[in-house]
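Participant: Here it is, the structure, as structure tokens.
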Amino acid sequence: MARSSRPTPHRGARVNLPRLLLRLILGQRLPRAAGKLTVPGVRDKLVIHRDRWGIPYVEANNDDDAWFGLGFCHGQDRAFQLEILLRIVRGTLAELVGIAALPVDRLSRRIGFYRAAQQQLAILDADVRGWIDAYARGVSSGATAGSPRRPHEFVFLRSRPSIWTAVDTIGFVKLISFTLAANWDVELARLKILIEDGPDALTALDPHYPEWLPVTAPPGQAARAVLDRLAQDLALFSAVAGAGTGSNNWVVAPQLTATGRPLLANDPHLDARVPAQWYLAHLRTPEWAAAGATFVGGCGILSGHNGYAAWGLTAGLIDNTDLFCEQIGPDGRSVRQGDSFVPCEVREELIQVRDARPMVETVIVTPRGPLISPAFEGGETYKEALSLRAVWLDPLPIRGLMCLHKVRSFDEFRAALAVWPLVSQNMVYADVTNTIGWQLFGQAPVRKKGFGTLPLPGWDVEAGWEKDLLPASQLPFAVNPPEGFLATANNQPQSDNPKAPFLGVDWIDGYRVTAIGRALTARNDWDVKSTMVLQVDQRTVVWEELREFVLGNATENPDARRALELLRGWDGRVAADSVPAAIYELFLSEMVARIAKARAPRSFNWALGQGVSLLLDHNFFCFRRAGHLIRLLRTQPPHWFKRSWQEEIAEALAAVIRDLEAVHGKDVARWAWGRLRVVRMRHQFSANRWLHQIFNLGPLPCGGDTDTINQASVLPLEPTADCKNIASLRVVIDVGAWENSRFVLPGGQSGNPLSPHYGDLLPLWYRGEGVPIAWSAEAVRAAAVATLELMP
């Protein structure tokens, strides 16, 4: 989208009457940001400055107080967000909001986030345990002592903030590990397609990584096909059970920058929500300092710098989670293993439900892991229950992301990341010695049999995992490549090599990393401003591959010809004001739907990305249909459709035009992509027809799609639905000139809708701009507009 065509999302000029009414009735309820406050839990004097954007600068005299200060700020600004996370982890959300949340609680109890966190907490190193304890004390103190009046959401629900504990912090990271796990949901989708439509349908529709698209290292090198692994797993499944199943970052070396300093960029992709998942902060002690983005619910600077090195992350998608089919014994408390049944751990857990009777959830833990399928809607359709085996459920030491604030070299960086049994990540790195690097991290299993592409029978004694995990030294990394850059975008990390350890198959199509690599090598004068422009680029590489198959269609269908006329001069930019972009996006969804329905008439929704629970309303297949479509168009396998491929393409184009006219009228100007689809930052109260006007931000015309650098995912099942997956944070770091760096959230620092910092960063995010986080002591003092002193 051209900058001049972007409308401003700022709503300050228009009075929001519900918010005005809320202020009159309940007041602003802002946290305390200035003065002195005595709080239990701190060891020494702690000072928190805040700048004009509400970003806190925590000055502590020891490590524990620094993390207490971060937790205090999280508790002050995000108390209700933290409460929801806590209750999902504990499985007590229904106690707060009622029976509608019962499926979430049941799934949480079955997986056992909280129970696993309790086990893990006991084996942590003393320093890490101290940081987590201090952070938890800070959260509870900030939500109470730091906030004189309860946040509005608690008043509406007639409740108060719960006491946050170290177990909740560990459980929260386990929850994130579950929601960002690379492929358990895809395993389930594959199983569903296999059961409903057979192995031929699954083989035809599985969108394995396109072999012509690049991997992360070496930059620009292509992958090889991995479909043979799926075929092997299908054979294993049939032999035992019978046949019958986002984010960008990059780092640029000095030779490609205008300043001769490295540049690092990061934009993790998560749900479009308010408040955002991220929170900006600066922490300082006498021994170390760090600034950047923290994740609400955890301690650590996950995307930022420490004055020596900078780092940024994307989901690594290592396959660290498997599902297993289980056969339940006649007693309901055992599972088949080999030719006999073995007892399981069984617990009865009471779930309190607001305004309804409590219910008892029976939790069964098999030798593989907990049974989870009864918690899924539709789970009763499977002959066997499903168990979950996950690295992140095991009680293992944690360091990794919690220790980056102290690294002083790439070797130290890699050593810190080696101890991380939770959600896998790609981390790019740059430091003041001009070193740039990349490390894929997250401890991975070694499978005894198969590749984890779909659930294998748990009763097969040859299936499962080896006792020891893959050594961290075998995970891929790169340092100072001759190309002068490294980039990741949830793509396959390296080319297939039979001698390399198996890490997974469910990577996202490499179109974004292709576009990033092209751009970075096209010039050698990159700076902060041009990097921020690249982060919001909306050109799709997919159109370059699709164009010949679409525009070469010689149809006589008048509706299809009209679509072709609109597409013929299109430059591939998925701009909000573009009509051809809308034609393209709707055609893409229409065509992949036709492909899926033709081979899997009973389970096509799963192939198109249907979700499996309230926690996860889509699966990763929805992000990987473009590469699958291109592969099919290149080969055009016969007898896929009743008509020819060219006829099917023409009919899909015609259907798009007919649908646009039926829904939006004949005025083509009304077909612009940003008129058809918007982005809304949704609050937990979005479903309430009154409260959503108070808490939501937007709607805003939304450009981009799943495969553009400015990622704004389009779900094939609902292509014009509100965009659900966006850049939840943008960071650009000028390594060594830290004050030049820029950070932005799609909303603001505060979760209070009456705070000036609830949506003040949204206009900047929408325009592709950002704000600095002061670094030097002098700059911090100059930026401060309020100072709060905490005393023990």
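Participant: Test residue 273 against the criterion of being surrounded by fewer than 24 Cβ atoms within 10 Å (Cβ to Cβ) and at pLDDT below 95, and give yes or no. Steps first, answer last, please.
Facilitator: Details: surrounded by fewer than 24 Cβ atoms within 10 Å (Cβ to Cβ): yes; at pLDDT below 95: yes.
Yes; evaluated as a whole, the condition is true for this residue.
Quick grid of which residues meet (1) open to solvent by 10 Å² or more (accessible area, probe 1.4 Å); (2) under 18 Å from residue 172 (Cβ atoms); (3) in contact with a Ser or Thr (Cβ under 8 Å, 6 or more places away or on another chain); (4) assigned to a helix (DSSP H, G or I):
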{"site": "54", "(1), (2), (3), (4)": "no, no, yes, no"}
{"site": "61", "(1), (2), (3), (4)": "yes, no, yes, no"}
{"site": "64", "(1), (2), (3), (4)": "yes, no, no, yes"}
{"site": "69", "(1), (2), (3), (4)": "no, no, no, yes"}
{"site": "73", "(1), (2), (3), (4)": "no, yes, no, yes"}
{"site": "86", "(1), (2), (3), (4)": "no, yes, yes, yes"}
{"site": "103", "(1), (2), (3), (4)": "yes, no, yes, yes"}
{"site": "106", "(1), (2), (3), (4)": "yes, no, no, yes"}
{"site": "116", "(1), (2), (3), (4)": "no, yes, no, yes"}
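Participant: Need the failing condition index for residue 451 against (1) under 28 Å from residue 171 (Cβ atoms); (2) buried (at least 19 other Cβ atoms within 10 Å of the Cβ); (3) of a type outside the set (Ser, Thr, Tyr); (4) at pLDDT below 95, just the number.
Facilitator: Evaluating residue 451 over (1) under 28 Å from residue 171 (Cβ atoms); (2) buried (at least 19 other Cβ atoms within 10 Å of the Cβ); (3) of a type outside the set (Ser, Thr, Tyr); (4) at pLDDT below 95 leaves (1) as the failure.
Participant: Please go through segment 361-377 and give me each residue that is within 13 Å of residue 390 (Cβ to Cβ), touching a helix residue (DSSP H, G or I) at 6+ places or on another chain (Cβ under 7 Å) and either at pLDDT below 90 or open to solvent by 20 Å² or more (accessible area, probe 1.4 Å) (or both), ordered by number.
Facilitator: 372
Participant: Can I ask one more? Do you know which residues across segment 289-323 are open to solvent by less than 10 Å² (accessible area, probe 1.4 Å) and in contact with a Lys or Arg (Cβ under 6 Å, 6 or more places away or on another chain)?
Facilitator: Once the filter is applied, which keeps residues that are open to solvent by less than 10 Å² (accessible area, probe 1.4 Å) and in contact with a Lys or Arg (Cβ under 6 Å, 6 or more places away or on another chain), segment 289-323 yields 296, 322.
Participant: Tell me the helices (runs of 4 or more DSSP H) entirely within segment 525-583 that contain at least 2 residues that are in contact with a Gly (Cβ under 7 Å, 6 or more places away or on another chain) and more than 28 Å from residue 733 (Cα to Cα). Break it down stepwise before answering.
Facilitator: Details: elements: 528-535, 542-551, 558-568.
In segment 525-583, the matching helices (runs of 4 or more DSSP H) lie at 542-551.
Participant: Filter segment 662-682 down to the residues that are of a type in the set (A, V, I, L, M, F, W, C), surrounded by fewer than 19 Cβ atoms within 10 Å (Cβ to Cβ) and in a helix (DSSP H, G or I), then identify the one that is nearest to the chain's Cα centre (by Cα).
Facilitator: Here the residue is 663.
The rows are residues; the columns are (1) out of contact with any helix residue (DSSP H, G or I) (no Cβ under 7 Å at 6 or more places or on another chain); (2) within 30 Å of residue 422 (Cα to Cα); (3) part of a helix (DSSP H, G or I); (4) open to solvent by less than 30 Å² (accessible area, probe 1.4 Å).
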| position | (1), (2), (3), (4) |
| --- | --- |
| 150 | yes, no, no, no |
| 155 | no, no, yes, no |
| 158 | yes, no, no, no |
| 164 | no, yes, no, yes |
| 167 | no, yes, yes, yes |
| 171 | no, yes, yes, yes |
| 175 | no, yes, yes, yes |
| 178 | no, yes, yes, yes |
| 185 | no, yes, yes, yes |
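Table: residues versus (1) of a type outside the set (A, V, I, L, M); (2) crowded, with 24+ Cβ neighbours inside 10 Å.
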| site | (1), (2) |
| --- | --- |
| 725 | yes, no |
| 733 | no, yes |
| 741 | yes, yes |
| 751 | yes, yes |
| 756 | yes, no |
| 760 | yes, no |
| 765 | yes, yes |
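Participant: Which one of these is in contact with a Leu (Cβ under 7 Å, 6 or more places away or on another chain) and farther than 24 Å from residue 541 by Cα: 630, 694? Full working, then the answer.
Facilitator: Details: 630 fails: farther than 24 Å from residue 541 by Cα.
On inspection, the qualifying residue turns out to be 694.
Participant: In this structure, is residue 464 in contact with an Asp or Glu (Cβ under 7 Å, 6 or more places away or on another chain) and either modelled with pLDDT under 95 or under 20 Å from residue 188 (Cα atoms) (or both)? Lay out the reasoning, then the answer.
Facilitator: Details: in contact with an Asp or Glu (Cβ under 7 Å, 6 or more places away or on another chain): no; either modelled with pLDDT under 95 or under 20 Å from residue 188 (Cα atoms) (or both): yes.
Judged against the criteria, residue 464 is not a match.
Participant: If a residue counts only when it is touching a strand residue (DSSP E or B) at 6+ places or on another chain (Cβ under 8 Å), modelled with pLDDT of 95 or more and more than 30 Å from residue 153 (Cβ to Cβ), which strands (runs of 3 or more DSSP E) contained entirely in segment 707-780 have at least 1 such residues?
Facilitator: 730-734, 742-744
Participant: Sort through 617, 659 and tell me the only one that's closer than 24 Å to residue 189 by Cα, surrounded by fewer than 20 Cβ atoms within 10 Å (Cβ to Cβ) and either in contact with a Gly (Cβ under 6 Å, 6 or more places away or on another chain) or modelled with pLDDT of 95 or more (or both).
Facilitator: Step by step, each of 617, 659 is checked, and only 617 is closer than 24 Å to residue 189 by Cα, surrounded by fewer than 20 Cβ atoms within 10 Å (Cβ to Cβ) and either in contact with a Gly (Cβ under 6 Å, 6 or more places away or on another chain) or modelled with pLDDT of 95 or more (or both).
Participant: What tally of residues in segment 593-612 results from selecting those that are modelled with pLDDT of 90 or more, assigned to a helix (DSSP H, G or I) and open to solvent by 10 Å² or more (accessible area, probe 1.4 Å)?
Facilitator: Residues flagged as modelled with pLDDT of 90 or more, assigned to a helix (DSSP H, G or I) and open to solvent by 10 Å² or more (accessible area, probe 1.4 Å) within segment 593-612 amount to 5.
Participant: For segment 691-712, does any single residue satisfy the condition of being farther than 23 Å from residue 764 by Cα and not polar (S, T, N, Q)?
Facilitator: Yes.
Participant: Restricting to segment 641-654, what's the tally of residues that are open to solvent by less than 10 Å² (accessible area, probe 1.4 Å) and over 17 Å from residue 629 (Cα atoms)?
Facilitator: 1
Participant: Something else now. Counting just the residues of segment 474-497 that are small (Gly, Ala, Ser) and modelled with pLDDT of 95 or more, which one comes out farthest from residue 534 (Cα to Cα)?
Facilitator: 478
The values are calculated or read from the model by the stated rules, or taken from the named source; none is laboratory data. Remember, it's a predicted structure, so these values are computed and weren't measured experimentally. Here Cβ is always computed from backbone atoms with ideal geometry, including for glycine, and neighbour counts include all displayed protein chains. Quick note on the areas: whole protein, heavy atoms, side chains included, nothing else; ligands and nucleic acids left out. Shrake-Rupley method; radii C 1.70, N 1.55, O 1.52, S 1.80 Å.
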